[in-house]
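Here's the structure we're looking at; comments come further down.
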């Protein structure tokens, strides 16, 4: 009987007494290989434990919600210093750069803008509002045990703002983390990154993980000769400390703290800190101070009652040219839920409380008469119920409902429905349906409102956005000889009402914000295929088709959303040689996307098809060391003319009918891809178990 080799991540033997997500499970087994026979392929399909879809640990195959899992090892195929860059390896998830000067960005799921994506750390809504602008680049990969992605509605569990999907960053567990981990990387652009973590036990009942990340990129590079930095300079430090405790009957208890500081700059090459806020040399300078705390505690009762809590403080001190933006945000969150099984029903009941304090120097926090400052204080009370009902071995239904109340918009209802049908281990069909609700803060979510020279106009009191979401997922495990082809296909549809959009087209001097008088649609399909050949080559390919548009009342024409390519995809090829030498070829491709152009703009309205490819060669040693090197942006692609009139960033000479007949003004919103050209990188990892 022939025997075959499957390269898999053995998460199915997770221990439920450990903690994952907010219930952070320990990973006793690491990515490894197993050998099974052709007969066993019909009865043994490797399974994973996931938590993001239903808030509690559950077998991935039994979850009625489709959850994608990505380990830290997966992201090491293309090493990056932070989560924002790493997540681009996930099909249908796109980190979008929204400014060619300061490189602010957000993460799109299935074509929906960043604010529609809820980003969790250990199940807690740590990353929100103000931190979505720059906080994503401050989350180092060294913290990550794995990342779980849910594409589609998740409002009944995670709150009504999870309209587009959820990205749950699950950090390492101090009880099972290596004693020492070190990862040092640099590039030919002098991008230096250091990740250092150590684990130590405190008695027999507690363990602590201390992690330090330092990223430094201060070399000014201007290869396109526009006198602006091609990539934003960053000097960033992140300190993370997590405690896990062993308790009777394997009850959960953990506490984590993180501090982030970043000094970020992008602008003219001759800019110095003395020019900060001045009108002589243009620069965008942002100082970020951020503190986070999060934890979980299981009550010492017979019933399974768990409390989760988090707090974050975020301070941004910034100048965009001469425009100052000073903002403070404090968010406290606590959630308690009861988990109980009744026969074939798995019931969860929970209550939540979230309080947000937000203040800045913009009209967003001014009184109605504009004379006094009125910081936003927004308490939200919530309650949710979820019932996962296993009808039989083939059918599972999930029913969920969430109720939120805040003083401005009062009652918010978020129902949820999911159904899973699996006639055998090779075929699984899932359907999810839900609603969403979102209150928008323009100045924290839309960087275009702050940078450049356009005037911000808010036409009316903005109403909250609402959505109806649907997602259909099909997984097919196809036997090919003694191996399996894993096919994962999804179709999705979202209908928006009251969608808040920025109008860049009506007036080139303004960004006009208003509720859409009509509706918005985001629909499409995606497919992932992975296969390991009989020789040591594994392939993972993904493609996504999107149609994201708005339609105004009384008009037939569709307006395609900015920065939403109809076609995009990912690819990853790994070849392992017998001597522990591995070659990884990874990348993403993007079809044409609509860009914010000015009237009579000489720049094309649609970007070209392009691909960002990377290659890496790594060598592992038995001593625990690993050496890796490679090339990023292998095809050397960068956008053309990302800035309008970079030679006149303060618009001092725009009224020149001879040299500027179209009255162009300085604009930073056209960029759609990194400006960093081809470059090499080199790194060393060391792990002491």
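What whole-number volume per residue, in cubic angstrom, does the convex hull of the C-alpha atoms of segment 59-103 give?
So the per-residue Cα hull volume is 104 Å³.
For segment 179-304, report the translational diffusion coefficient in µm²/s to the nearest whole number, using Stokes-Einstein at 25 °C, 0.890 mPa s, and a Kirkwood Rh over Cα pairs.
Rounded to a whole number, D works out at 137 µm²/s.
How many nm is it between the label spots at residue 367 and residue 219, if each spot is 7 Å from the Cα in line with the beta carbon?
5.4
Which whole number in µm²/s is D for segment 550-689 by Stokes-Einstein, with the Kirkwood Rh taken over Cα pairs at 20 °C and 1.002 mPa s?
For the chosen part, D equals 113 µm²/s.
Specify the inter-centroid distance of segment 640-684 and segment 545-610, based on alpha-carbon positions, in whole Å.
21
Distance in nm between label sites at residue 235 and residue 204, each 7 Å beyond Cα in the beta-carbon direction?
Placing both labels 7 Å beyond Cα along the Cβ direction yields 4.9 nm.
Residue 621 to residue 341: FRET efficiency via 1/(1 + (r/R0)^6), r the Cβ-Cβ distance, R0 51 Å, to the nearest 0.05? Intermediate results must be reported in sequence, preceding the final value.
Values: r = 47 Å, r/R0 = 0.92.
After rounding to 0.05, the efficiency reads 0.60.
Taking each pair of distinct Cα atoms in segment 310-413 once, what is the resulting Kirkwood hydrodynamic radius in Å?
Answer for segment 310-413: a Kirkwood hydrodynamic radius of 17.1 Å.
Can you sort 586, 435, 668, 218 from fewest to most other Cβ atoms within 10 Å of each residue's own Cβ? Please report the intermediate quantities before stating the final value.
Numbers: 586 24, 435 20, 668 27, 218 12.
With the sparsest Cβ surroundings first, the list reads 218, 435, 586, 668.
Which translational diffusion coefficient, to the nearest whole µm²/s, is obtained for segment 509-582 from the Stokes-Einstein equation, given a Kirkwood hydrodynamic radius over C-alpha pairs, 4 °C and 1.567 mPa s?
Using the Kirkwood radius from Cα pairs, D works out to 81 µm²/s.
Please rank 247, 594, fewest neighbouring Cβ atoms within 10 Å first, as an exposure proxy.
On the way: 247 14, 594 19.
By the 10 Å Cβ count, ascending: 247, 594.
Under 8 Å for C-alpha pairs, at least 6 residues apart: give me the relative contact order for segment 167-300, rounded to a whole percent. Working shown, then result.
Working: 293 pairs, mean separation 24.2, N = 134.
Averaging sequence separation for qualifying contacts and normalising by length gives 18 percent for segment 167-300.
Quote to one decimal, in nm, the extra length available between residue 650 and residue 301 on full extension: 0.36 nm per residue of separation minus the C-alpha distance between them.
119.2 nm
Set the Förster radius R0 to 22 Å, insert the Cβ-Cβ distance between residue 190 and residue 273 as r into 1/(1 + (r/R0)^6), and round the FRET efficiency to 0.05.
Working: r = 20 Å, r/R0 = 0.90.
Using R0 = 22 Å, I get an efficiency of 0.65.
Take the Cα atoms of segment 254-322, find their three principal axes, and give me the spread along each one in whole Å, biggest first.
68, 15, 13
So for 605, 390, fewest C-beta neighbours within 10 Å to most, what's the order?
605, 390
Every read-out reported here was derived from the displayed coordinates using simple, explicitly stated rules and does not represent laboratory data. Only a predicted model underlies this, so the values are computations on that prediction, with no experimental measurement involved. Note that each Cβ is placed from the backbone with ideal geometry, even for glycine, and that neighbours are counted across all protein chains shown.
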